[in-house]
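S.K.: Quick one: the structure is below, questions incoming.
The values are calculated or read from the model by the stated rules, or taken from the named source; none is laboratory data. The structure presented is a predicted model; accordingly, all values stated were derived computationally and were not measured. Here the Cβ positions follow ideal geometry from the backbone for every residue, glycine too, while neighbour counts run over all protein chains shown. For accessibility, only protein heavy atoms count, side chains too; no ligands or nucleic acids. Shrake-Rupley method; radii C 1.70, N 1.55, O 1.52, S 1.80 Å.
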Amino acid sequence: MGEERFGEFVLVRRHGHVAELVLDRPKAMNAVSTDMARSIAAACAALGADREARVVVVTSSHERAFCVGADLKERNSFSDADLVRQRPVARGAYTGVLELPMPTIAAVHGFALGGGFELALSCDLIVADRTAVVGLPEVSVGVIPGGGGTQLLPRRVGAARAAELIFSARRVEAAEAAELGLVDQLVEEGQDREEALALGARIAGNSPVGLRAAKRALRLGHGLDLRAGLEVEDAAWRSVAFSGDRAEGVAAFNEKRKPAWPGE
């Protein structure tokens, strides 16, 4: 299992074809500072270009939090000009996760608030344990969700439910979060990382070409009318139909063996 550090606060661990992106600023409950945002973006750029990484699982090294959002202590010292300069750096962290081309899973325990929940929402799937507390409390400190929350949350739970959660700034505990669809899989306390990595390993057994194309079709087709969405799907199908992975998948099925994906 290889490890690579990106700055002081982000670590990438390898588990075969599953890459684990670890938020590793435990002294601040993974509050996203400017440096940490830069490191998340850098790690995502490296993973996005890595053909060996078929799935990315985002985890936390802090036992009581996934991520508590933006570093408000740092923000408190900012001038208006500092805030303007920081904005593209902060956005780069969230879009870095959002635009990863392979399937992504967040493993959430404890607090996932504000930008922390937005990092999880930027993933395709969220596995949470029973200690999880999620929410977008930004309006309670005079801002709005700015890491994708106003766009990603309604795509998960619908416009009215997202409005209630964002306007009220309330925190939602694990059982209700699962009921509302704020998280996808609820697991026993302390099992979020293990279960997310296990799910990642199951997904990574499939064609890397197929996985990336399926994610592209899901993302690009969302919100389009059906006819336009089916054209997106057809383009994604054509991108895999003549690939080495398709040839290997069909051959392995007929020969009743496990595929050895060429990944191209």
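S.K.: Over region 208-255, with every protein chain in place, what whole percent of the accessible area is carbon and sulfur at 1.4 Å, could you tell me?
M.R.: Here carbon and sulfur together make up 62 percent of the probe-accessible area.
S.K.: Still on this structure: Choose one answer from Leu23, Leu119, Leu220: the residue with the largest mean-square fluctuation in a GNM of the chain with alpha-carbon springs under 10 Å.
M.R.: Leu220
S.K.: Counting alpha carbon pairs within less than 8 Å and at least 6 residues apart, what relative contact order, in whole percent, applies to region 1-158?
M.R.: Rounded, it is 21 percent for region 1-158.
S.K.: OK, next. Could you give the dipole magnitude of region 1-127 about its Cα centre, charging the beta-carbon of Lys and Arg +1 and that of Asp and Glu -1, in debye to the nearest 20?
M.R.: 80 debye
S.K.: Right, another one. Among Pro154, Pro145, Pro101, which one shows the highest mean-square fluctuation when the chain is modelled as a Gaussian network with alpha-carbon springs under 10 Å?
M.R.: Largest GNM mean-square fluctuation: Pro154.
S.K.: May I ask what percent, to the nearest 5, of DSSP beta bridges between residues of the chain are antiparallel?
M.R.: 35 percent
S.K.: Rounded, prolate or oblate: which fits region 143-224 when a ≥ b ≥ c are the square roots of the eigenvalues of the alpha-carbon gyration tensor, with rounded for a/c under 1.5 and prolate only if a/b beats b/c?
M.R.: In terms of gyration-tensor shape, oblate.
S.K.: At 1.4 Å probe size, with every protein chain present, just tell me what the per residue accessible area of region 122-218 comes to in Å².
M.R.: So region 122-218 comes to 47 Å² accessible per residue, rounded to a whole number.
S.K.: Whenever you get a sec, line up Thr104, Thr131 from highest to lowest accessible area (probe 1.4 Å, protein heavy atoms).
M.R.: Thr131, Thr104
S.K.: Considering only Ala252, Ala45, Ala162, give the residue with the highest GNM mean-square fluctuation for the chain, with springs between Cα atoms whenever their separation is below 10 Å.
M.R.: Ala252
S.K.: I've got another one for you. Placing unit charges on C-beta atoms (Lys and Arg positive, Asp and Glu negative, everything else neutral), compute the dipole magnitude of region 208-255 about its Cα centre in debye, rounded to 20.
M.R.: Its charge dipole is roughly 220 debye.
S.K.: So how tilted is helix 208-221 from the main axis of the chain? Cα-based, degrees 0 to 90, rounded to 10.
M.R.: Roughly 60 degrees between the two axes.
S.K.: Another question about this same structure. Give the carbon-plus-sulfur fraction of the accessible surface of region 3-205 in %, rounded to a whole number; probe 1.4 Å, heavy atoms of protein chains only.
M.R.: 52 percent
S.K.: Another question about this same structure. Using Cα pairs closer than 8 Å and at least 6 residues apart in sequence, work out the relative contact order for the chain, in percent.
M.R.: 15 percent
S.K.: Relative to the longest principal Cα axis of the chain, at what angle does helix 192-204 sit, 0 to 90 degrees, rounded to 10?
M.R.: 30 degrees
S.K.: Between Glu52 and Arg155, how many nm apart are label points set 7 Å from Cα along the C-beta direction?
M.R.: About 3.0 nm separates the two model spin labels.
S.K.: Solvent-accessible area per residue for region 1-49 at a 1.4 Å probe radius, Å²?
M.R.: So region 1-49 comes to 43 Å² accessible per residue, rounded to a whole number.
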